[in-house]
Amino acid sequence: MADFLPAQPKAQRAFLIGVQTPEMPDGEGDELLAELTELVENLSLSIVRSVSVRLRAPSPALFLGKGKSEELAQMAKEDGADVIVFDSALSPAQQRNWEELAGMAVIDRQEVILEVFADRAHTREAVLQVALARMEYSLPRLTRAWTHLSRQRGKGAMGGEGETQLEQDRRVVRNRIAHLKEEIAQVVRQRGVQRTRRVRVPLPTASIVGYTNAGKSSLLNRLTGSTVLAEDKLFATLDPTTRQLVLPGNQKLLLTDTVGFIRRLPHGLVEAFKATLEEVLVADFLIHVVDLTSPHFEKHRATTLAVMAELGAGDKPVVNVFNKVDLADAVEVRTARQAVPDALFVSARTGKGIDALVERCREMIAGSFGTVELLIPHSRYDLVAKLHALGHVQEQEHREEGVRVTGRFPASQAGLLEPFVVRAPRARRKVRA
């Protein structure tokens, strides 16, 4: 929370409340509550109890009915909790009413995710994005932090009643939001410059996407030999990391690891992290990683695809990858294969299936470029080396008059290659992933 708000004692013991509504499939409330449990544990809070409540319709005042709310508040007190955590989103009024009823802090899933993100943010961009999301979340909730809301401050010799402390705080928050947006815009411009530099030597690109903790960073490390942070916890990585993968034939591919998604991801965070997720929009194709061992993998896939569609990347070619095959049983593999017939099954930990994934990436690149035959003079061996780096060289033959090269290369290189073309590109074939 903002540093101008009064310091609050750090919560230690959490009482969790999940909700099952008639619109939700049976058991989904319990699944989401289990996910909330893991999120809360990432904040180093001990959980005194988790309760799932069936709700026919939300109450404007307390979200739950008055009687059930009083019962749960009393239960939380008896358990020695110092914070109540709702799996559903609470309005600012509902939050205030619950805190008055329970006599302790009350937060919702959105605030928990914001706190987890804040704990994981390290680079300037991630810190700014999290700060913006937290400010926008806190603005309508400022009254929770003040007990002196009626205090007035004059505005100089002209007199007048002046602003209330709350009005001043809202103005400060709005100013900070505007300042953060300016800083983020600057970071976006810097990222654009970096991307432009990469495009000058145009390499194909792919973004690794998926549900949080599916093993995206581990897969990037396995493919590229890098050492990106990869931990068995939610949102271990917030910042996009790009590494180079060298494919067969010396073809190079830039791989970018992105932040993971989660059900009920706060919309403010999706908006705030648009700059971080821009790498998805400019990628030639996506590698969608799914945790094969999760019993909810189909919902995880649906969540990721929904966010991709919201970002405008819903029509990107996709390579579907089920990770952690070394930990899965035959039933899990069979179920996943039936759900996604074209998927690859890999283990980022052991390396199983990685060769097949590398070959699929090579096919994705080759399928997107046209085939062309070139005759390069012996004096331009630098161009031959560049072709190996930029595209997929299928054949290379040294002749008296030069080097004959057949392969697929980016359309952006047409001007460079045109003087050496022997045979024009064939029509591109569309590759389905």
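Where a number appears in this text, it was derived from the coordinates with a stated rule and is not lab data. The structure presented is a predicted model; accordingly, all values stated were derived computationally and were not measured. Glycine gets a Cβ as well: all are built from the backbone with ideal geometry, and neighbour counts include every protein chain shown.
Residue by residue through the range 61-77, which ³J(HN,Hα) values in whole Hz follow from phi under the Karplus form 6.51 cos²θ - 1.76 cosθ + 1.60 (θ = phi - 60°), with glycine and proline marked x?
Result, rounded to whole Hz: 7, 10, 6, 8, x, 4, x, 5, 5, 4, 5, 5, 4, 5, 4, 5, 5.
Modelled label-to-label distance, A302 and Q74, 7 Å Cα→beta-carbon offset: nm?
Once both label points are built, they end up 3.8 nm from each other.
Which of K252/K352; K299/K324; K216/K316; K66/K299; K252/K316; K77/K299 have a Cα-Cα distance over 25 Å?
Values: K252/K352 22 Å; K299/K324 17 Å; K216/K316 18 Å; K66/K299 33 Å; K252/K316 20 Å; K77/K299 35 Å.
Result: K66/K299; K77/K299 exceed 25 Å.
Mind ordering 39-47, 134-142 by average Cβ neighbours within 10 Å, highest first?
Working: 39-47: 16.8, 134-142: 19.0.
Listed from highest to lowest mean packing, they are 134-142, 39-47.
Using a 10 Å cut-off on Cβ atoms, rank the peptides 21-34, 250-263, 338-351, 77-90 from the highest mean neighbour count down. Walk me through the numbers before you get to the answer.
Working: 21-34: 13.7, 250-263: 21.3, 338-351: 16.4, 77-90: 19.6.
Ranked from most to least packed, the peptides come out as 250-263, 77-90, 338-351, 21-34.
Output the peptides 209-220, 55-66 sorted from most to least packed, where packing is the average of other Cβ atoms within 10 Å over each peptide's residues. Present the calculation step by step, with values, prior to reporting the outcome.
Details: 209-220: 25.8, 55-66: 14.8.
Going from most to least packed, we get 209-220, 55-66.
What list of ³J(HN,Hα) couplings, whole Hz, do you get for the range 384-390 from phi and the Karplus terms 6.51, -1.76, 1.60, once you set θ to phi - 60° and write x for glycine and proline?
In residue order, the calculated couplings are 4, 4, 5, 5, 5, 7, 8 Hz.
At a threshold of 8 angstrom on Cα-Cα distance, excluding pairs fewer than six apart, so keeping six or more, what relative contact order does the range 13-118 reach in percent?
On the way: 159 pairs, mean separation 35.1, N = 106.
After rounding, I find 33 percent.
At what distance in nm do the modelled label points of L166 and V282 sit from each other, each positioned 7 Å from its Cα along Cα→Cβ?
Taking the simple label geometry, L166 and V282 are separated by 4.5 nm.
Taking only the alpha carbons of the range 30-131, what extent do you get along each of the three principal axes, in Å, biggest first?
Here the Cα extents, ordered largest to smallest, are 46, 27, 26 Å.
Would you mind getting me the FRET efficiency between E400 and D355? Use the beta-carbon distance for r and R0 = 35 Å, nearest 0.05. Before the final figure, lay out the partial values.
Numbers: r = 38 Å, r/R0 = 1.08.
Working from the Cβ atoms, E equals 0.40.
If the chain between E373 and Q338 were fully stretched, how many nm would it gain, using 0.36 nm times the residue separation less the Cα-Cα distance? Don't jump to the answer; show the numbers that get you there.
Details: separation 35, 0.36 × 35 = 12.60 nm, distance 4.09 nm.
Length gained, E373 through Q338: 8.5 nm.
Neighbouring Cβ atoms within 10 Å as the yardstick, rank L327, L292 fewest first. Write down the numbers at each step before the final one.
Values: L327 13, L292 25.
In increasing order of surrounding Cβ atoms, one gets L327, L292.
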